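Student: Quick one: this structure, given as structure tokens, is what I'll be asking you about.
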Amino acid sequence: MTGAWIVAIFVAALAVVILLLLHRTPAGDFLHRHIPDTPRRRILLAAIAFFVTFAGVRALTWSIHNHVGPFHDIHMGGRHIHHLVFGILLLLLVGYGWLVDAGGEAQGWRLAARRLLCVLYGSGAALTLDEFALWLNLKDVYWAREGRSSLDAAVLFAAFLIIGVEGTPLWRGIVREIRTARH
């Protein structure tokens, strides 16, 4: 199975799990109560997707590089297709989705679509930034010393997401909920 299919299945499964958690469990209401600000909620979802996708794609590329498991690179016409390509396509799709959805009340399917766009944005950013060294050097340096710049870029972006989330209201809410549940 190629890495592309694994990444696609991984991102789709991540999106489904997050959407199900937010729409079929009390987690969605909990999130709304403790992070009332819509941009913070969106950034939080993108950050979760970013971290999970980044970790997953790093593990997958490590396994491909070290010949662990049945995984292998994607090749078309003798050319290696990097996961950066799929990240860019996801980011383009999300941008288009936000253009189509700009404004309006977010309820029902529209809320689910917006949450999906947040998850896909985080995953697309992870796939793209994981190969930042490729953009910078215009050659495949993923496992070389120069590949370290991909990790640096991902860490900077992750810090940016965390600052955007500023999850303090959520963590305070969790502590309050735990204290209330005990009494």
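The values are calculated or read from the model by the stated rules, or taken from the named source; none is laboratory data. What you see is a predicted model, and the numbers here were worked out from it, not measured in a lab. Here Cβ is always computed from backbone atoms with ideal geometry, including for glycine, and neighbour counts include all displayed protein chains.
Student: Any residue in segment 123-141 that is basic (Lys, Arg) sitting within a Cβ distance under 9 Å of a residue that is surrounded by fewer than 19 Cβ atoms within 10 Å (Cβ to Cβ) and not in a loop (DSSP other than H, G, I, E, B)? List the pairs, counting only those 6 or more apart or interchain.
Tutor: Lys139/Glu146
Student: If you don't mind, there's one more thing I want to ask. Need pairs with beta-carbon distance below 7 Å; first residue of a type in the set (Phe, Trp, Tyr) and within segment 62-86, second in a helix (DSSP H, G or I); sequence gap 6+ or separate chains.
Tutor: Phe71/Gly3; Phe71/Ile6; Phe71/Leu60; Phe71/Ser63; Phe71/Ile64; Phe86/Ala4; Phe86/Val7; Phe86/Leu127
Student: Could you run through segment 1-20 and say how many residues are closer than 15 Å to His83 by Cβ, of a type in the set (Gly, Ala, Ser) and crowded, with 18+ Cβ neighbours inside 10 Å?
Tutor: Here is the first cut: in segment 1-20, the ones closer than 15 Å to His83 by Cβ are 1-12, 14.
Pick out the ones that are also of a type in the set (Gly, Ala, Ser) and you get 3-4, 8, 12.
Filter once more, keeping what is crowded, with 18+ Cβ neighbours inside 10 Å: 3.
Counting residues in segment 1-20 that are closer than 15 Å to His83 by Cβ, of a type in the set (Gly, Ala, Ser) and crowded, with 18+ Cβ neighbours inside 10 Å gives 1.
Student: May I ask you to list the residues in segment 21-36 that are surrounded by fewer than 19 Cβ atoms within 10 Å (Cβ to Cβ) and within 26 Å of Thr128 (Cβ to Cβ)?
Tutor: Within segment 21-36, Leu21 is the sole residue that qualifies.
Student: From the list Leu151, Leu138, Leu116, pick out the single residue that is closer than 26 Å to Ile6 by Cα, in contact with a Phe, Trp or Tyr (Cβ under 9 Å, 6 or more places away or on another chain) and of a type outside the set (Phe, Trp, Tyr).
Tutor: One residue alone meets the criteria, Leu151.
Student: Still on this model: Kindly indicate which of Asp140, Asp152 is farther than 18 Å from Leu14 by Cα, at pLDDT 85 or above and not in a helix (DSSP H, G or I).
Tutor: Just a single option satisfies the conditions, and that option is Asp140.
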